[in-house]
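K.L.:
I am attaching a structure below and will ask some questions about it afterwards.
The values are calculated or read from the model by the stated rules, or taken from the named source; none is laboratory data. Predicted model, so just to flag it, every value in this text is computed and none were measured. Positions of Cβ are backbone-derived with ideal geometry, glycine not excepted, and every protein chain shown enters the neighbour counts. Side chains are part of the model used for accessible areas, which takes the heavy atoms of the whole protein and leaves out ligands, DNA and RNA. Shrake-Rupley method; radii C 1.70, N 1.55, O 1.52, S 1.80 Å.
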Amino acid sequence: MTVVIVGAGPAGLTLACELSRRGIPCRVLDKAPGLFPGSRGKGLSPRTQEVLDDLGVADAIRSGGMAMPSFRIYAGHEIVAERTLLEMLGTAIPSGPGVPYPGFWLVPQWRTDEILLGRLRELGGDVEFGCEVTGFTQDAHGVTVTVSRGGTVEPIRASYLVGSDGGRSTIRKALGVGFAGETFESERTLIGDVRADGLEGTFCHVLTRGGHVSERFSLWNLPGSDHYQFVANMATEDVPPLTLDSVRNLLVERSGREDVVLRDLRWISLYRVNARMVDRFRVGRVILAGDAAHVHSSAGGQGLNTSVQDAYNVG
């Protein structure tokens, strides 16, 4: 039995590790030239940490991350409050012998992906980058996957095909399954990674003009990195060009702070706020997992965490 996995994000890499350690051959295909470079899904939930522990990467995840920092809220230059994540959420996480990881752990997604790829290679697998899946057919005995690689088209025969190729999944669209839910067209979220001079302490720095967090510019410290993840929500009609100058202007506009200087934009993306899910996770020998099967707001790291857990369950 061979499994073809489309997409080398957290879901695809988790599934490949899970299958490889059980001796099930798999091929991971991704059209990108390499791993995703941004911090995107940075908060690992207690259950996701349990899964990663079982896959043999707990030590690497712990050393590559840190406990979720507190939120420091500013009104201009003045610090007006500091609150923990749980205080911000107004909830608690259970603890005790049955909860080995009783808190969220902050790890930039690019590092989580690197750790999972390293584990996959230890298990004898790898990712075939620069491979775009353009279609597939299936029958009672398997799936024939059409792959474009360097201008050459080739068929790959597999027992199963797993689409873990993100919210715009080629596999989901080709299956024609329903993807019901909502897209909040009035709102967008701008996220990216920059270096920031002028901040002190390790926090999620919530910068505002008057302490009102409805219009804020957030900068998250990232462990073991000189970069911060910035997050800013806005109305769709207010979205600026995706440039460093635009991000700098947005920070000053929302905080009045010209002493916080942004530089070295590593990655930037604009998110539509979606809440959608497929009506079927499987059609014959084709399976969907992660963002290919369900999409969420970027808040709370729901996408990465549910993707890892999907893939572990499928494996």
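K.L.:
Rounded to whole Hz and in sequence order, give me ³J(HN,Hα) for the stretch 93-105 from the Karplus expression 6.51 cos²θ - 1.76 cosθ + 1.60, θ = phi - 60°, writing x for Gly and Pro.
P.N.:
10, x, 9, x, x, x, 10, x, 10, x, x, 7, 10
K.L.:
Taking the simple approach of a point 7 Å from Cα along Cα-to-Cβ for both Glu128 and Asp54, what is their distance in nm?
P.N.:
My value for the distance between the label points is 2.9 nm.
K.L.:
Same structure again: Rounded, prolate or oblate, given the Cα gyration tensor of the stretch 3-155, with a/c below 1.5 counting as rounded?
P.N.:
Judged from the Cα gyration tensor, the stretch 3-155 comes out prolate (a/c at least 1.5, a/b above b/c).
K.L.:
What number comes out for accessible area per residue over the chain if the probe is 1.4 Å? Units Å², please.
P.N.:
Values: 14310 Å² over 315 residues.
For the chain, the solvent-accessible area averages 45 Å² per residue.
K.L.:
Tally Lys and Arg at +1 and Asp and Glu at -1 over the other residues with C-beta under 12 Å from the C-beta of Glu182: what net charge comes out? Can you show the working numbers first?
P.N.:
Working: positive: Arg272, Arg276; negative: Glu185, Glu187.
Net of charged neighbours comes to 0.
K.L.:
A further question follows. Could you please put Ser63, Ser297 in sequence from largest to smallest accessible area, using a 1.4 Å probe? Don't skip to the answer; put the middle values down first.
P.N.:
Working: Ser63 100, Ser297 40 Å².
Solvent-accessible surface, decreasing: Ser63, Ser297.
K.L.:
Can you find, among Ile79, Met68, Gln49, the residue farthest towards the positive end of the dipole of the chain? Put +1 on the C-beta of Lys and Arg, -1 on that of Asp and Glu.
P.N.:
It is Gln49.
K.L.:
Of all accessible surface on the stretch 81-205 at a 1.4 Å probe, what whole percent is carbon and sulfur?
P.N.:
For the stretch 81-205, the apolar C and S fraction of the accessible surface comes to 50 percent.
K.L.:
Where the only charges are on Cβ atoms (+1 Lys, Arg; -1 Asp, Glu), what is the dipole of the stretch 48-176 about its Cα centre, to the nearest 20 debye? Mind showing how you got there, number by number?
P.N.:
Working: 11 positive and 16 negative charges, 58 e Å.
Roughly 280 debye, rounded to the nearest 20.
K.L.:
Within the stretch 167-223, which GluC sites (Glu not before Pro) sit in a loop by DSSP and count at most 12 neighbouring Cβ atoms inside 10 Å? Provide the component values of the computation, followed by the final result.
P.N.:
Values: sites: Glu182, Glu185, Glu187, Glu200, Glu215; in loops: Glu200, Glu215.
Passing both the DSSP loop test and the Cβ count: Glu200.
K.L.:
Explain nothing, just the number: relative contact order of the chain, from Cα pairs under 8 Å at least 6 residues apart, as a whole percent. Intermediate results must be reported in sequence, preceding the final value.
P.N.:
Numbers: 695 pairs, mean separation 79.1, N = 315.
Across the chain, relative contact order equals 25 percent.
K.L.:
By its C-alpha gyration tensor, with a ≥ b ≥ c as the square roots of the eigenvalues, how is the stretch 203-277 shaped: rounded for a/c under 1.5, else prolate for a/b larger than b/c, else oblate? It would help to have the intermediate numbers written out before the result.
P.N.:
Numbers: a/c = 1.37, a/b = 1.15, b/c = 1.19.
Rounded.
K.L.:
What percent do you get for the relative contact order of the stretch 64-181 when only Cα pairs under 8 Å and 6+ apart count?
P.N.:
Numbers: 113 pairs, mean separation 16.5, N = 118.
About 14 percent, as a whole number.
K.L.:
Just from the alpha-carbon atoms, what are the Rg and Dmax of the chain in angstroms?
P.N.:
My reading of the Cα-based Rg and Dmax gives 20.5, 66 Å.
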